[in-house]
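The values are calculated or read from the model by the stated rules, or taken from the named source; none is laboratory data. No experiment lies behind these values; they were computed from the predicted model shown. Note: ideal-geometry Cβ built from the backbone for every residue, glycine included; neighbour counts use all protein chains shown. When the accessible area is computed, the model is the full protein with side chains, heavy atoms only, and any ligands, DNA or RNA have been set aside. Shrake-Rupley method; radii C 1.70, N 1.55, O 1.52, S 1.80 Å.
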Amino acid sequence: MLLGTGFADHCRGQNIIINNDLTFRDMLGGVPKVVSKHTAGSAAEFLVTGTAGAEVTVDFTLPQYMYSSGYTLQLIFTDTDCAMDSSATPDQSNPGYNDRNPWETQTYRIGSNGLTIWLGALALPRTNQQPGDYTAPIVLTVTYTGS
Amino acid sequence: MHRKILYCIVLALSVGLIMPTDGVAQESATIQATATVISAITIIGTNNLRFGTVLPGVDKSVDKASIGFAGEWSITGNATAEITLDFTLPDSLWLADSTTGMRVGFSSTDVSYDDETGGGQLLPAGTLDPNGPGVGNLGVGGTMLIWIGGTVFPRLTQTGGDYSADVILTVAYTGS
């Protein structure tokens, strides 16, 4: 009982819920395609839940390519491709914390309804890009700062 | 004495564990970036532009509707996709040793196309100006045929021999 209570206080719980993959859908060879962080259903979307008011750092591990049977398709994340919102009613089209750089550690506070994070990107297929389904993992790591 | 030491150890451990420390907690989640690349665009030259035998001082034209003589390309790709068509045209045909040239010209109506809505080379769907970039749409079956004619202008003193030059058509999706 004593040990259980102590452990809960020490490691405050948080969860990341995946709401949407970063989805480019159909693409033509030689035609770049942008998925805006503001585009619902296409932009990546994460929901971080945890202690309201707690400060967290947000880090992405971003791929440079998507892959399909050994073929590559270039992915580009710009320094404004991330947005976050911890308000009671997160707004993807007008987030509270907009144009963030996903290549850098972001620091933010979890709201009463958690922290929603969106991510967009640009895909650059070559003119002679091999047809197929391309995928790549995007890892989000959230860490309490203790503040 | 031993009980006292043991009591101290247990107390120290308990205090350490129940301290309301804001310790570091971390969580990771992985999503996928996904894309489906559909049909690549391909183009094949299926017939050379052939002027045949040419007499010195006598201009000779090949019409775009002249089957077997007009140049022809076959394009395949994604159905109804918009594409750009960009011709790289020679201003002369050359002997194999590249020492002697014979002028060649292409008018603004020297190219025709069929995007599956026409009747082939004799009844194409429309014409294109080969001297500027064009835009068109592949047919519902994802194909388009292109034909090109032209005119050569041999001089009266044109050196005899076999002349040739590259006529290049470059196509690309516009994304529309």
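What the table shows:
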{"item": "Any pair with Cβ under 7 angstrom, 6 or more apart, that starts in the stretch B:162-176 at a residue that is away from chain A (no Cβ under 14 Å) and farther than 29 Å from residue B:56 by Cα and ends at one that is at pLDDT below 95 and open to solvent by 70 Å² or more (accessible area, probe 1.4 Å)", "result": "none"}
{"item": "Any hit, the stretch B:54-64, residues being without any contact (Cβ under 8 Å) to a residue 12 or more places away in the chain and in contact with a Lys or Arg (Cβ under 9 Å, 6 or more places away or on another chain)", "result": "no"}
{"item": "Some residue of the stretch A:111-121 being open to solvent by 20 Å² or more (accessible area, probe 1.4 Å) and modelled with pLDDT of 95 or more", "result": "no"}
{"item": "Of all residues making up the stretch A:74-91, the number that are hydroxyl-bearing (Ser, Thr, Tyr) and open to solvent by less than 50 Å² (accessible area, probe 1.4 Å)", "result": "2"}
{"item": "Restricting the stretch B:113-151 to residues that are part of a strand (DSSP E or B) and among the hydroxyl-bearing types (Ser, Thr, Tyr), the residue that is farthest from residue B:51 (Cα to Cα)", "result": "B:143"}
{"item": "Neighbours by Cβ (under 8 Å, 6+ apart or cross-chain): first from the stretch A:21-33, more than 7 Å from every other protein chain (Cβ to nearest Cβ); second part of a loop (DSSP other than H, G, I, E, B) and surrounded by 22 or more Cβ atoms within 10 Å (Cβ to Cβ)", "result": "A:32/A:125; A:33/A:125"}
{"item": "Selection status of residue B:83, part of a strand (DSSP E or B), within 30 Å of residue A:123 (Cβ to Cβ), open to solvent by less than 20 Å² (accessible area, probe 1.4 Å) and touching a residue at least 40 places away in the same chain (Cβ under 8 Å)", "result": "yes"}
{"item": "In the stretch B:108-118, residue nearest to residue B:158 (Cα to Cα) [restricted to those that are among the small types (Gly, Ala, Ser) and open to solvent by less than 50 Å² (accessible area, probe 1.4 Å)]", "result": "B:112"}
{"item": "Residues within the stretch A:73-87 that are among the polar types (S, T, N, Q) and closer than 23 Å to residue A:29 by Cα, tallied", "result": "2"}
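Okay, residues lined up against (1) more than 14 Å from chain B (Cβ to nearest Cβ); (2) acidic (Asp, Glu); (3) open to solvent by less than 70 Å² (accessible area, probe 1.4 Å):
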position: A:72; (1), (2), (3): no, no, yes
position: A:93; (1), (2), (3): yes, no, no
position: A:105; (1), (2), (3): no, no, no
position: A:130; (1), (2), (3): no, no, no
position: A:134; (1), (2), (3): no, no, yes
position: A:139; (1), (2), (3): no, no, yes
position: A:144; (1), (2), (3): no, no, yes
